[in-house]
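Below: the structure, in C-alpha cells.
The values are calculated or read from the model by the stated rules, or taken from the named source; none is laboratory data. Remember, it's a predicted structure, so these values are computed and weren't measured experimentally. Here the Cβ positions follow ideal geometry from the backbone for every residue, glycine too, while neighbour counts run over all protein chains shown.
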Amino acid sequence: MGYTLTEKILREHLADGTYDPGKEIGIKIDQTLTQDATGTMAYLQFESMGLSDISTELSVSYVDHNTIQVGFENADDHAYLESIAKRYGIHFSRPGNGICHQVHLERFARPGKTLLGSDSHTPTAGGVGCIAMGAGGLDVAVAMGGGAYYLTAPRVINVHLTGTLRPWVSAKDVALKVLSHLTTKGNVGCVCEYTGPGIGNLTVPERATITNMGAETGVTTSIFPSDGQTRKFLEAQSRGSQWIPLAADSDATYDRTLEIDLSEVEPLAAAPHSPGNIVKVKDLNLAIDQVMIGSCTNSSYVDLMTVAAMVKGKHLPAGVSLGIAPGSRQVLMAIAENGALSDLLSFGARILEASCGFCIGNSMSPCTDSVSVRTSNRNFKGRSGTPSANVYLTSPVVGAAAAITGKLKDPRDLDIPFPQIEMPEHFEIDDSMIIPPLPKAERANIKICRGPNIGEPPVNGPMPEEIRGQIAIKVGDLVTTDHIMPAGARLKYRSNVPKYSEFVFEPLDKDFSRRASALQQSGKHNIIVAGYSYGQGSSREHAALCPMYLGVKAVIAKSIERIHAANLVNFGIVPFSFARESDYDLLPDNAEIRLPGIRKALQQGDEEIVAYADGSGISLKMLLSSRQREILLAGGLLPYTVERRKVR
C-alpha cells in the first residue's frame, strides 16, 4: 500500500515515535518563521533556554503584524527582533517587506521541507508541497534549538479536484467551498491533501490561498503536490533549482475523500461572524460601507492586478471606502512599475503598507454597524476592531465588484469583461529588505536591544498534588484566541506579560483579569469552562501564557482546537474534555471546584479523573501523550526543556 504525500514527508522527517495515525510523533523541522506579534515572546523563550545558535536549515523573523508605531512599544520590539536575528543567525525581514506567509512563499518555502511557524496561517506554504504548520511560539523556539516538534500523526483527507474554474470564480471560492463541507470544527488531527486533474489548473498563488484558508477548518495543515505549476512558480522567483517533483503514490489510501468539480464552484462569501458561515454571493444584495483587499490569503500579484483591471477608468462611489494592502514589497513594486497602482489610486483606493494591518484590527476598522467586505480569512465578531461591524469574507473579484457598485453582489452580473491576468514568467527579485545572518564569528558580540516594555517570559511552577479553586469564567462555543487575548491595539504589550494579562477575556468579561488575580492571591487556582472549539483562530500562545500568569491551572471544554490545546500544555495548564458533554450544564459560574490527585493521575497515565464541583462528581477526560504528561508535571515546556538540557 502506497503513501500519501503527507505521510511521505512526515516519515522522512520522523524523529520520535512510530507513524500511526492518531498517535503522537516527533518530527524534525527544517525551517521556522515567526512574526512580531508572536515572535518576540518566542525569542525571549529561546534565549531563556541558554541556546547559543539555531539548529534549523533556515529561520526567518518577519515584522508584519504591528508595524504601526504609535508609542515606543512596537518600535522597541522591532529593534529587539532585529538584534536577536543578528545574534543567532536568523534572517530578518524588515517592516514593510511584506506579510510572512506571502514573502516566505516567494523567497524561502521549498517542496518536501517541514516548516513550523508561530502563526496559524503558516500552512500557506503547503501551496508548494511543503508540510507547513502553525504552532505556539514556544514550540517554534524549541524547534529552532533543534528539538523535535510533536503532533498527532494525521488522518489525511483527500480533496480531489476536477475541472477548471470559470470566469469570476477564484481560489478563495474553492477555499470557502471546502469550508462549507468540512466546517470549522471536527477536523483536529487531519490534513487536507489536494489531488486530481483539477490541481494542474491552479497556480501556486491560487493553491496558497486554499491552503491558507484551510486553517479555518481546524486541520493540521493542507498540501498540494509539487508539479509543473510549482516548478513554474519557483523559476519565476529565480529558485528553479530548488524544485523537486513530489506526489502521493498512485495506490495511497486516504481516511476519506471530498470531491470538488472546480467548474461547478460559484462566488461564495463567509457571512458574519464565522469563516464557516458560507453563503452564495448571488443570494446577497447588500449595501456596503467598506472593502479591504489584501491579507495573507489574497494579496498576490494576480489578485491585485485583477482588481486593478476591474476598477480601471472608474471611480469609487460616495460612502464607500477601499483599502489595498499588497502581500509583499515584491507585489507592490510590480504593480507600481506596470501602472496598475495608478489605476487603483485613480479609482480612489487607499494604499496601505504591505502588512497584516486591517486583518488583525490594528488599522482600517470600519464604522459602527457597517458592512465590510474583506478578502482576509477571519471574520470573528470584533476582530476588525469594530464590535458592531458585519464582516463578509470574499475573493478579490467579489470585493472589487462591491467597490465598483457599492453592493455585495454577484460579480457575474457586472457589465464588464472578465480580466485574464497571468502570473509573470519572472518576478524582479530584490531581497534588500531581508537582512541575512551574520557570519558565526561576528554574532557573539551583538548587543540585544531591550526596551522597557520587554520583560522576561514568566515560568510556571510544577503541577500541584491537586487543583483546588474556582471557575473564573464560563464561556460558550467557538471562543477564539482573539476573545481570550485581544489583538489590535493590545498587541503592543505582547512582550510584557504582566501588562498584557490585564486584558485576558476583555471582549467577553472586562473584569476577568482583576477577578482571576484576586483568586490567585487568595491561594485558589483558576479554572476555565468552555463549549465547542475553544481556542480556535490565531496561534497566539499568549492565550495560554497570560491565563497561566493569572493562575489558571485547567481548561474544561467540550472540545479544544489543536494549536491552543498544545499551547495550554506548553504552559502547564491541563486541557480537559467532558466525558459527558451534558455535564457542561452542571458547572455554574463561580462554582468551587476540586480535582484531587491530579499530579498522581498524570504520573500514572490515567485518562479520566473526577472533578468535584458543589458536591457533584463530574468525569473529565485528559487524553495526553506521556511526553505531554511530563511537560505538565514540570509546569510547562520551558522548565521541561531547560531541565532536560541540564540532565544531558
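Can you find, within region 125-179, the residue that is surrounded by the fewest Cβ atoms within 10 Å (Cβ to Cβ) among those that are charged (D, E, K, R) and in contact with a strand residue (DSSP E or B) (Cβ under 9 Å, 6 or more places away or on another chain)?
Residues of region 125-179 that are charged (D, E, K, R), as a first pass: 139, 155, 166, 172-173, 177.
Those still in the list that are in contact with a strand residue (DSSP E or B) (Cβ under 9 Å, 6 or more places away or on another chain) too: 139, 155, 172-173, 177.
Values: Asp139: 28, Arg155: 19, Lys172: 29, Asp173: 27, Lys177: 21.
Checked region 125-179; the qualifying residue surrounded by the fewest Cβ atoms within 10 Å (Cβ to Cβ) is Arg155.
For a quick check of your reading of the model, give me the residue pairs whose first member lies in region 182-207 and is in a loop (DSSP other than H, G, I, E, B), whose second is surrounded by fewer than 19 Cβ atoms within 10 Å (Cβ to Cβ) and among the hydrophobic types (A, V, I, L, M, F, W, C), with beta-carbon atoms closer than 6 Å and at least 6 apart or on different chains.
Pairs that qualify, where the first residue is in a loop (DSSP other than H, G, I, E, B) and the partner is surrounded by fewer than 19 Cβ atoms within 10 Å (Cβ to Cβ) and among the hydrophobic types (A, V, I, L, M, F, W, C), are Thr203/Met423.
Exactly one of (1) of a type in the set (Val, Ile, Thr); (2) within 23 Å of Gly597 (Cβ to Cβ); (3) within 13 Å of the chain's Cα centre (by Cα) is unmet by Ile563. Its number?
The single condition Ile563 does not satisfy is (2).
Does region 611-618 contain at least one residue that is within 20 Å of Glu630 (Cα to Cα), polar (S, T, N, Q) and not in a helix (DSSP H, G or I)?
So far as region 611-618 goes, no, none of its residues is within 20 Å of Glu630 (Cα to Cα), polar (S, T, N, Q) and not in a helix (DSSP H, G or I).
Taking region 145-172, which residues are β-branched (Val, Ile, Thr) and in a loop (DSSP other than H, G, I, E, B)?
Of all residues in region 145-172, those β-branched (Val, Ile, Thr) come to 152, 156-157, 159, 162, 164, 169.
Matches in region 145-172: Thr164, Val169.
Would you be able to tell me the number of residues in region 78-104 that are surrounded by 23 or more Cβ atoms within 10 Å (Cβ to Cβ), over 20 Å from Phe358 (Cβ atoms) and not hydroxyl-bearing (Ser, Thr, Tyr)?
5
Out of region 556-568, which residues are surrounded by fewer than 23 Cβ atoms within 10 Å (Cβ to Cβ) and touching a helix residue (DSSP H, G or I) at 6+ places or on another chain (Cβ under 6 Å)? Reasoning before the result, please.
Filtering region 556-568 down to residues surrounded by fewer than 23 Cβ atoms within 10 Å (Cβ to Cβ) leaves 558-559.
Answer for region 556-568, where residues must be surrounded by fewer than 23 Cβ atoms within 10 Å (Cβ to Cβ) and touching a helix residue (DSSP H, G or I) at 6+ places or on another chain (Cβ under 6 Å): just Lys558.
A quick yes/no check of all residues on (1) within 28 Å of Thr220 (Cα to Cα); (2) among the hydrophobic types (A, V, I, L, M, F, W, C); (3) in the same structural domain as Val610 (by TED's automatic domain parsing):
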site	(1), (2), (3)
Ala516	no, yes, yes
Leu519	no, yes, yes
Tyr532	yes, no, yes
Ile560	yes, yes, yes
Val569	yes, yes, yes
Val574	yes, yes, yes
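Being over 17 Å from Glu466 (Cβ atoms) and touching a Phe, Trp or Tyr at 6+ places or on another chain (Cβ under 8 Å): is that true of Leu624 here?
Working: over 17 Å from Glu466 (Cβ atoms): yes; touching a Phe, Trp or Tyr at 6+ places or on another chain (Cβ under 8 Å): no.
So Leu624 fails the test.
Considering only residues that are in contact with a Ser or Thr (Cβ under 7 Å, 6 or more places away or on another chain) and either modelled with pLDDT of 95 or more or closer than 16 Å to Ala248 by Cα (or both), look in region 180-193 and name the one that is surrounded by the fewest Cβ atoms within 10 Å (Cβ to Cβ).
Ranking the qualifying residues of region 180-193, first place goes to Leu182.
Could you tell me whether region 104-112 includes any residue that is over 21 Å from Thr209 (Cβ atoms) and aliphatic (A, V, I, L, M)? Reasoning before the result, please.
Residues of region 104-112 over 21 Å from Thr209 (Cβ atoms): 112.
Pick out the ones that are also aliphatic (A, V, I, L, M) and you get none.
No, because not a single residue in region 104-112 is over 21 Å from Thr209 (Cβ atoms) and aliphatic (A, V, I, L, M).
When both residues are 6+ apart or on different chains and their Cβ atoms are under 8 Å apart, which pairs have a first residue that lies in region 456-477 and is assigned by TED's automatic domain parsing to the domain that holds Phe512 and surrounded by fewer than 18 Cβ atoms within 10 Å (Cβ to Cβ), and a second that is among the hydroxyl-bearing types (Ser, Thr, Tyr) and part of a loop (DSSP other than H, G, I, E, B)?
Within 8 Å, the pairs are Asp477/Tyr532; Asp477/Ser533.
Select, from Ser355, Ser372, Ser363, the only residue that is part of a loop (DSSP other than H, G, I, E, B) and crowded, with 24+ Cβ neighbours inside 10 Å. Reasoning before the result, please.
Numbers: Ser372 fails: part of a loop (DSSP other than H, G, I, E, B); Ser363 fails: crowded, with 24+ Cβ neighbours inside 10 Å.
Residue meeting the stated conditions: Ser355.
Out of Ala336, Ala325, Ala340, report the one residue that is within 18 Å of Ile421 (Cα to Cα), aliphatic (A, V, I, L, M) and in contact (Cβ under 8 Å) with a residue 24 or more places away in the chain. So that I can check it myself, show each step before the final result.
Values: Ala336 fails: in contact (Cβ under 8 Å) with a residue 24 or more places away in the chain; Ala325 fails: within 18 Å of Ile421 (Cα to Cα).
Being within 18 Å of Ile421 (Cα to Cα), aliphatic (A, V, I, L, M) and in contact (Cβ under 8 Å) with a residue 24 or more places away in the chain holds for just one of Ala336, Ala325, Ala340, which is Ala340.
In this structure, is Asn590 closer than 21 Å to Ile473 by Cα and assigned to a helix (DSSP H, G or I)? Spell out how you get there, then give the answer.
On the way: closer than 21 Å to Ile473 by Cα: yes; assigned to a helix (DSSP H, G or I): no.
For Asn590, the condition - closer than 21 Å to Ile473 by Cα and assigned to a helix (DSSP H, G or I) - is not met.
Could you look through region 1-45, keep only residues that are touching a Pro at 6+ places or on another chain (Cβ under 7 Å) and either modelled with pLDDT of 95 or more or in a helix (DSSP H, G or I) (or both), and pick out the one that is surrounded by the fewest Cβ atoms within 10 Å (Cβ to Cβ)? Write out each step before concluding.
Let us first name the residues in region 1-45 that are touching a Pro at 6+ places or on another chain (Cβ under 7 Å), namely 5-6, 21, 41, 44-45.
Next, only the ones that are either modelled with pLDDT of 95 or more or in a helix (DSSP H, G or I) (or both) stay: 5-6, 41, 44-45.
Working: Leu5: 26, Thr6: 26, Met41: 28, Leu44: 21, Gln45: 27.
Taking the candidates together, the pick is Leu44.
Pick out the one residue from Ala308, Ala334 that is within 29 Å of the chain's Cα centre (by Cα) and closer than 12 Å to Ala401 by Cα.
Values: Ala334 fails: closer than 12 Å to Ala401 by Cα.
So the residue among Ala308, Ala334 that is within 29 Å of the chain's Cα centre (by Cα) and closer than 12 Å to Ala401 by Cα is Ala308.
Given the criteria surrounded by fewer than 19 Cβ atoms within 10 Å (Cβ to Cβ), at positive phi and free of Cβ contacts under 8 Å to residues at least 40 places away in the same chain, does Gly348 qualify?
Numbers: surrounded by fewer than 19 Cβ atoms within 10 Å (Cβ to Cβ): yes; at positive phi: yes; free of Cβ contacts under 8 Å to residues at least 40 places away in the same chain: yes.
When the stated conditions are applied, Gly348 passes them.
With respect to the numbered conditions (1) touching a strand residue (DSSP E or B) at 6+ places or on another chain (Cβ under 9 Å); (2) modelled with pLDDT of 95 or more, which one is the sole condition not fulfilled by Ala334?
(1)
For the condition within 17 Å of the chain's Cα centre (by Cα) and modelled with pLDDT under 95, what is the one hit in Ser120, Ser61, Ser52, Ser48?
Values: Ser61 fails: modelled with pLDDT under 95; Ser52 fails: within 17 Å of the chain's Cα centre (by Cα); Ser48 fails: within 17 Å of the chain's Cα centre (by Cα).
Of the residues listed, the single one that is within 17 Å of the chain's Cα centre (by Cα) and modelled with pLDDT under 95 is Ser120.
So, in region 466-502, how many residues would count as being among the basic types (Lys, Arg) and not in a strand (DSSP E or B)? Walk me through it before giving the result.
Within region 466-502, the first condition is being among the basic types (Lys, Arg), and the residues that meet it are 468, 474, 490, 492, 494, 499.
Restricting the remaining residues to those that are not in a strand (DSSP E or B) gives 490, 492, 494, 499.
Residues in region 466-502 being among the basic types (Lys, Arg) and not in a strand (DSSP E or B): 4 in total.
Does Val497 qualify as being under 30 Å from Val70 (Cα atoms), among the aliphatic types (A, V, I, L, M) and out of contact with any helix residue (DSSP H, G or I) (no Cβ under 6 Å at 6 or more places or on another chain)?
no
Residue by residue, here is whether (1) assigned to a loop (DSSP other than H, G, I, E, B); (2) modelled with pLDDT under 95 holds:
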residue	(1), (2)
Glu422	yes, yes
Phe427	yes, no
Asp431	yes, no
Leu438	yes, yes
Glu442	no, yes
Arg450	yes, yes
Gly455	yes, yes
Gly461	yes, yes
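Mind checking which residues of region 416-453 are over 27 Å from the mean Cα position of the chain (by Cα), among the polar types (S, T, N, Q) and farther than 30 Å from Gln229 by Cα?
Result: Asn445, single match.
Does Arg599 satisfy the criteria of being of a type in the set (D, E, K, R) and touching an Asp or Glu at 6+ places or on another chain (Cβ under 9 Å)?
Values: of a type in the set (D, E, K, R): yes; touching an Asp or Glu at 6+ places or on another chain (Cβ under 9 Å): yes.
Criteria met by Arg599.
Against the definition (at positive phi, surrounded by 23 or more Cβ atoms within 10 Å (Cβ to Cβ) and modelled with pLDDT under 90), how does Gly385 come out, yes or no? Break it down into steps so the answer makes sense when it comes.
Working: at positive phi: yes; surrounded by 23 or more Cβ atoms within 10 Å (Cβ to Cβ): no; modelled with pLDDT under 90: yes.
So Gly385 fails the test.
Here is a list: Val279, Val307, Val331, Val302. Which entry is assigned to a strand (DSSP E or B) and either under 25 Å from Gly218 (Cβ atoms) or not small (Gly, Ala, Ser) (or both)? Can you show your working first?
On the way: Val307 fails: assigned to a strand (DSSP E or B); Val331 fails: assigned to a strand (DSSP E or B); Val302 fails: assigned to a strand (DSSP E or B).
Just one listed residue meets the conditions, Val279.
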